[in-house]
Amino acid sequence: MNYFKKILKYAKPYINYAWLNVVFNILYAIFNVLTIVAFIPVLNILFKQENKIEAKPVYNGIFSIGDYAQDSFYYFISQKIENDGNVKTLVFVCFLTLFLFFFKNFFRYLASFVLAYLRNGVVKDLRDSIYHKIIELPLAYFSEKKKGDIIARMTSDVQEVETSFLTSLEALVSEPLTIIISLTIMLIISPSLTLFVFILLPVSGFIISSVSKKLKAKSLLAQQETGNFLSFIEETLTGLRVIKGFNAEDKIERKFNNSTRKFRNLMTNVLHRKTLASPMSEFLGSATIIAILWYGGKLVLGDDSALKPEQFLTYIGLFYLILNPVKSLTTAFYNIQKGNASAERILNILETENTIVDKPNAITKETFDSEITFKNISFKYLDDYVLKNFSLTIPKGQTVALVGQSGSGKSTLANLITRFYDVNEGVIKIDGIDIKDINQKSLRGLMGIVTQESILFNDTVKENISLGVNNATIEEVTEASKIANAHEFIKDLPKQYDTNIGDSGNTLSGGQKQRLSIARAVLKNPPIMILDEATSALDTESEQLVQLALEKMMENRTSLVIAHRLSTIQKADLIVVMQKGEIVEQGKHDELLDKKGEYFKLVTMQSF
């Protein structure tokens with residue numbers, strides 16, 4: 001129930017709907033009970049002409065209010081029979097019953113009507129909270145998670161919470177009210193018979209709860225498996241070209257089938273236990289009614305019994321009225337157990353601590369004035385250090401290139417300066433200020449990033465270029481595109497800047513996508529530019545166009561260039577050669593060639 005309580009916190013903004021639901025459910029419960037309490041005794045008076053009350057009842061205090069209400073009603077019916085006759089009284093009783101049933105169902109509808117706002121509001125807020133948390137969490141969190149599993153938590157897990165928790169919420173409000181009102185009247189009719197019922201019901205409850213113990217565990221495994229096969233789908237769509245190229249369709253399909261088979265078995269187990277709730281509670285309820293018939297029948301047939309036949313008939317009707325609410329509560333209990341597994345997975349994301357947060361007194365930095373400094377920094381993703389005691393200064397206006405073999409720590413520096421990750425040791429400063437003392441939005445506002453893989457979105461050209469700028473005009477977007485050598489191909493697109501480029505920009509070539517990425521960075525117009533192997537995935541012609549765009553973009557800016565192709569960084573003010581997280585050489589292109597060291601080897605290998 002702990003997860004259930006945490007999810008219910010999201011209902012606070014909709015508390016007014018919750019209170020309306022409670023009010024309508026109280027009215028529903030009252031009319032629900034009245035349909036039994038009013039109907040059976042009236043028919044007894046009408047057809048058997050018994051229990052007629054000639055004298056108007058007298059109110060004798062709060063403790064006799066039940067008898068007073070019953071006698072007042074009997075007196076009213078007796079008077080009506082006396083004045084209007086049996087037939088007219090029967091018509092009145094029929095209309096009275098119809099009235100009671102109408103209002104019972106009317107208030108039931110209103111209770112569900114207002115609850116819909118609460119249910120849908122909670123689901124929306126829950127999804128919004130998860131999405132906000134996903135955007136807020138550091139990149140390190142997602143390197144250990146499957147995308148499909150996170151998607152499953154936002155979709156099927158939230159849906160499960162809605163169907164399990166929020167559907168059960170109405171049962172938890174309305175059904176206990178019906179049970180309480182019915183039991184109160186039953187207690188007034190026969191305390192001894194009601195005591196007998198109180199002994200039987202906990203026994204039924206114990207049997208039901210013992211069956212549901214494994215439900216949450218199985219549900220948790222089922223939801224985890226949902227994440228697994230969604231990950232398979234996501235990986236298949238991303239890597240379909242490779243799967244087909246290596247004739248691996250059967251192998252991948254077998255893995256997916258194994259996952260769905262495991263999910264089927266788990267869900268079958270879960271549904272078997274869940275569907276057992278309703279028939280089991282109905283059977284136990286029927287067994288309880290038979291026990292009541294036996295015990296109550298003995299009381300009615302006794303010589304000195306205070307329980308009259310019509311009261312016993314009303315009592316049976318009231319108990320039967322309790323059966324459906326008890327069944328609904330049992331189903332709700334099972335649903336909550338099942339929903340707990342999904343709630344746990346959702347809360348696992350929402351309660352994850354963000355390791356990269358702004359300090360309370362973090363400053364907002366809007367300008368870059370002098371230099372970037374890496375001072376004795378060390379960093380590791382897992383166990384082994386990727387950077388060790390690394391130091392470097394990048395003066396304003398200079399272009400510094402990082403070169404070296406794969407795994408030497410070049411891209412890690414780009415992740416650290418943007419605070420996608422935090423250093424384990426040492427400090428990174430901008431204008432002498434530790435970047436941990438600068439709030440993240442303003443820090444990243446100083447930087448433009450162009451990565452090796454062009455990250456584009458299923459939207460128009462204009463929206464992709466203006467991602468980092470609010471309310472950019474078409475003139476500004478066009479100017480940025482011209483600097484990035486992108487305007488030439490954009491103007492030939494069907495709707496030019498309003499053309500949708502498809503999922504991940506797949507309607508464009510690699511060079512075109514990269515030039516859009518550069519245009520996006522140009523439009524942002526940051527003082528610091530980070531280029532992470534921006535041309536390594538391109539063909540020679542595209543590389544030349546992109547390289548021209550990059551050179552235009554880097555004019556009068558401070559640039560950190562991570563390069564795989566050494567031909568792209570010959571004009572850099574400083575080239576830093578890295579090996580296993582350390583600097584082994586640094587200088588200008590010609591100086592490093594003259595040294596005949598590591599840089600010379602890299603250039604020679606690429607030239608060859």
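Taken together, the values in this text are just the output of simple stated rules run on the coordinates, not laboratory data. This one's a predicted model, so the numbers in the text were calculated from it and none came from an experiment. Reconstructed Cβ throughout: ideal geometry from the backbone, glycine too, with neighbour counts over all protein chains shown.
Spin-label pair ASP437-ILE135: with each label point 7 Å from Cα along the Cα-Cβ axis, the two points sit 3.0 nm from one another. Pairs exceeding a 24 Å alpha-carbon distance, out of LYS5/LYS262; LYS410/LYS595; LYS133/LYS436; LYS124/LYS441; LYS375/LYS580; LYS146/LYS441: LYS5/LYS262; LYS124/LYS441; LYS146/LYS441. Phi-derived couplings, Karplus 6.51 cos²θ - 1.76 cosθ + 1.60 at θ = phi - 60°, listed residue by residue for the stretch 422-427: 9, 5, 7, 9, x, 8 Hz, with x used for Gly and Pro. Kindly provide the trypsin sites (Lys or Arg not before Pro) of the stretch 71-147 that DSSP labels as loop, not H, G, I, E or B, and whose Cβ sees at most 16 other Cβ atoms within 10 Å. In loop regions of the stretch 71-147 (DSSP not H, G, I, E or B), the sparsely surrounded trypsin sites (Lys or Arg not before Pro) are LYS145, LYS146. Between the amide H of VAL469 and any residue lying 5 or more places away or on another chain, no distance stays under 5 Å, with hydrogens modeled in the peptide plane.
Listed from fewest to most Cβ neighbours within 10 Å, the set THR393, THR451 follows the order THR393, THR451.
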